Amino acid sequence: MRDRLTFLHATEIELRTVEDQFRTYAALLRGGAGLFAANGDSVTLAEFRAYVGRIEFQSLYPGFLGIGFTPTMPASERERFAARAEALGVAGFHVRPPTDNPMISPVLFAEPPNPRNQAAIGYDVMSDPVRRDMVERARDTGLPAASARIQLVQEIDANKQAGFLVAMPVYAGGAVPAGVGERRRRFLGFVFGAFRANDLFNSIVAARAEEDAAFAIYDGAPSEATLLHRSARATGAVAGRLTREATLDLGGRTWTVLFEQRLSPRRASALSEVWLVGVGGLLATALLGFAAFRQRRTQDEIRRLNASLEARVEERTRDLREAADRLRQAGEERARMEEVLRQSQKMEAVGQLTGGLAHDFNNLLAGISGALELIETRIGQGRSKDVAKYIAAAQGASKRAAALTHRLLAFSRRQTLAPKAIDANRLVDGMLDLIQRTVGPGIDVRHKGADDLWPALVDPSQLENALLNLCINARDAMPDGGRIVIETYNRWIDGRQAEALDMPEGQYLSLCVSDTGTGMPPEVVARAFDPFFTTKPIGAGTGLGLSMIYGFAKQSGGQVRITSEVGAGTAVCLSLPRHRGEADADGPAPERRPMACADAGETVLVVDDEPTVRMLVTDVLSDLGYTAVEAADGAGGLRVLQSDARIDLLVTDVGLPGGMNGRQMADAARVGRPDLKVLFITGFAEAAVLGDGRLDAGMAVLTKPFAVDALAARIREMIAT
């Protein structure tokens with residue numbers, strides 16, 4: 001038993017030692033790969049040699065013949081790369097041997113600079129099928145890969161040993177790409193370690209362990225052709241009868257290890273153990289006899305204790321049950337209090353939102369109602385010349401109310417968007433003059449646009465509005481002047497960044513506005529996107545600008561984030577998903593033309609549950625010569641559409657009473673009128689209208705509130721097509 005345990009213990013030590021050393025050397029190679037991933041092909045021989053010197057290579061890593069770097073390139077680059085190697089400090093570099101392979105991997109660096117490692121400089125690793133298999137496994141998996149048993153190029157004298165290589169892949173950008181195709185595209189080369197098998201295993205396996213277990217390591221199935229290393233026979237040791245076979249999976253290769261027991265002279269005799277077992281057996285027999293005597297005396301005591309123990313267990317069980325009930329009740333009470341707290345927080349947020357809405361809308365309604373009352377008074381007095389300014393005041397207040405509503409819809413991600421594939425650089429360049437005039441001459445506005453910028457599919461007017469808002473905020477943060485930088489660039493968001501930014505991973509267009517202003521403390525940054533939250537003085541801002549930008553970015557499938565430091569400025573970055581296509585060309589601005597009148601007999605059905613809206617739309621239609629038919633709900637509109645009446649266009653609200661919305665009514669009507677044209681007029685982008693974000697042919701959306709000429713132009717356009 002002692003011999004078996006000693007043998008098994010020695011074999012485990014040897015197996016674990018080999019595995020641990022492989023992990024250590026893989027970590028060393030991973031560090032070297034990081035050096036080349038960070039600096040690309042600009043690492044010189046002097047820099048790499050300094051790196052190897054700093055890690056104390058020869059003293060800390062016994063048995064490690066050399067470490068080096070091998071780039072991978074097309075075979076057509078052979079001569080050009082030789083000149084590049086000379087520039088990096090490798091004198092007399094040439095690639096060998098000749099090969100027909102389309103790709104080559106010549107050894108560029110091999111350290112430390114002894115004659116063996118220098119013999120490997122310029123050797124094309126891809127010219128050998130065994131070494132090429134190692135390179136391709138490392139490239140496609142992103143993991144360290146070991147080669148099969150080979151004779152190293154470094155074997156330049158008569159004392160040749162079996163050896164192997166380990167390759168650690170290097171990718172552009174440093175991180176291991178997610179897919180095999182991307183790994184092959186971004187593969188730069190590999191950092192390698194070269195090992196002479198006998199030198200390695202003689203230096204890392206403890207001699208004390210080999211006294212008890214000799215071993216032989218094979219690359220694959222045991223044979224002389226696959227033998228990597230065999231233990232030297234110790235002086236005076238004899239072979240035992242125990243053997244063991246084990247496997248090690250290292251770098252994608254399976255090594256077979258055969259162990260053979262050895263009996264050293266200091267372990268050859270078991271006489272002391274025999275005496276120990278004999279005396280111990282006699283003592284144990286005496287103790288067992290005494291224990292049997294004591295057992296009879298204690299059995300009665302155990303029976304008496306059992307009865308009292310059952311009573312105590314029952315009592316303890318009852319106490320535990322009562323304690324569990326108290327804990328359950330406490331948990332229910334805690335859950336109830338947490339729900340009350342959540343409701344309180346929701347009501348506080350709703351109160352803040354409704355308070356801000358009430359303040360702004362009451363101001364706007366006061367302007368509208370006051371202007372209308374003065375119009376009525378002036379008309380009654382016959383003073384019609386004053387009516388125009390009151391009409392202008394009422395229209396201005398209504399437009400500000402519409403803008404406030406649009407900002408709220410943007411914040412809630414319910415606004416109606418008209419996305420286009422845009423070139424952000426072109427959009428920013430077109431706004432620079434407007435932004436400069438808006439922020440004033442005391443602020444320097446700059447645009448840094450990336451070359452080959454990806455397009456994004458967004459509503460250009462909303463993006464322009466967001467950009468202008470950010471520049472105005474930046475101006476307000478720099479009362480004494482400063483600099484605004486608008487930067488656009490392509491950005492790849494990986495899984496870890498996506499989780500931190502609360503957005504899907506992928507490719508994004510980033511638009512950032514940074515300033516040199518006063519900055520914001522962390523508690524202000526945390527609340528910056530809250531509706532009606534503002535640090536400006538009363539009357540200087542609504543607190544909806546950033547919340548509108550946040551809602552627009554989220555509705556467009558992106559994200560917005562703020563980084564700021566007090567006294568060091570602020571940067572706000574919008575990330576918008578990349579559009580896989582070309583940017584739309586910018587067309588000329590539409591000219592304002594007179595409202596077109598109807599052709600004879602053209603009929604429009606107007607369906608809206610708001611009488612005022614119906615009246616306004618029908619009056620516009622009548623002025624233009626259309627025949628207008630009205631309905632107050634979806635059921636009434638559907639009855640007209642299912643009749644034989646001529647209907648050239650359906651103009652309908654989406655949210656209708658009676659259990660049938662506008663989209664459902666239009667779909668039902670198109671069963672009998674498949675070519676029916678439909679114009680939805682709506683205050684926000686209901687899912688019932690847009691569905692997956694697209695409308696059927698012959699359908700369009702007009703957002704309330706709308707200008708009369710815009711309504712007339714859209715009606716004429718839809719009927720004419």
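The values are calculated or read from the model by the stated rules, or taken from the named source; none is laboratory data. Since the structure is predicted, the reported quantities are computational estimates derived from the model, not experimental observations. All Cβ positions, even for glycine, are placed from backbone atoms using ideal geometry, and neighbour counts span all protein chains on display. Note: areas computed on protein heavy atoms with side chains; ligands, DNA, RNA excluded. Shrake-Rupley method; radii C 1.70, N 1.55, O 1.52, S 1.80 Å.
Taking each residue as 0.36 nm, the span from D41 to V613 lengthens on full extension beyond its C-alpha to C-alpha distance by 199.0 nm.
For R196, the residues whose amide H sits under 5 Å from its own are L65, ignoring neighbours fewer than 5 places away on the same chain, with H placed 1.01 Å from N. Per residue, the solvent-accessible area of segment 123-205 (1.4 Å probe, heavy atoms of protein chains only, all protein chains present) comes to 38 Å². Round to a whole angstrom and tell me the spacing of the C-alpha centers of segment 280-300 and segment 459-508. After rounding, the separation between the Cα centres reads 84 Å. Potential lengthening of the chain between T377 and V277 amounts to 23.8 nm, from the contour at 0.36 nm per residue minus the alpha-carbon distance. Measuring r between the beta carbons of S59 and E79 and using R0 = 35 Å, the FRET efficiency lands at 0.35. Rounded to the nearest whole Hz, the Karplus-based 3J(HN,Hα) values (6.51 cos²θ - 1.76 cosθ + 1.60, θ = phi - 60°) of segment 67-72 follow the sequence 10, x, 10, 10, x, 10, with x at glycine and proline. Between A239 and W492, the simple label model (points 7 Å from Cα in the Cβ direction) yields a spacing of 5.7 nm.
Surface composition of segment 43-82: carbon plus sulfur atoms hold 54% of the accessible area, using a 1.4 angstrom probe and ignoring ligands, DNA and RNA. With a Förster radius of 56 Å applied to the C-beta separation of D476 and A635, the computed FRET efficiency comes to 0.60.
A 1.4 Å probe run over segment 433-525, with the rest of the protein chains in place, finds 50 Å² accessible per residue. Ordering S231, T141, L152 by the projection of their Cα atoms onto the charge dipole of segment 123-237, which places +1 on the Cβ of Lys and Arg and -1 on the Cβ of Asp and Glu, puts T141 at the extreme positive end.
For segment 120-168, with all protein chains in place and a probe radius of 1.4 Å, 51% of the accessible heavy-atom surface sits on carbon or sulfur. Relative to the current alpha-carbon distance between D451 and M103, full extension at 0.36 nm per residue lengthens the span by 122.2 nm. Summary of the geometry: segment 509-531 and segment 116-171, compared by the centres of their Cα atoms, lie 53 Å apart. Say a paramagnetic label sat at a point 7 Å from the Cα of R49, along Cα to Cβ; which residues of segment 62-78 have their backbone N under 15 Å from it? Under 15 Å, as judged by backbone N against the label point of R49, lie 67-69 of segment 62-78.
Shown here for segment 118-183: trypsin sites (Lys or Arg not before Pro) in loop regions (DSSP other than H, G, I, E, B) with at most 15 other Cβ atoms within 10 Å, namely K160. Label 7 Å along Cα→Cβ of V566; segment 482-519 residues with amide nitrogen under 20 Å? So the set is 515-519. Measuring r between the beta carbons of A178 and R2 and using R0 = 56 Å, the FRET efficiency lands at 0.60.
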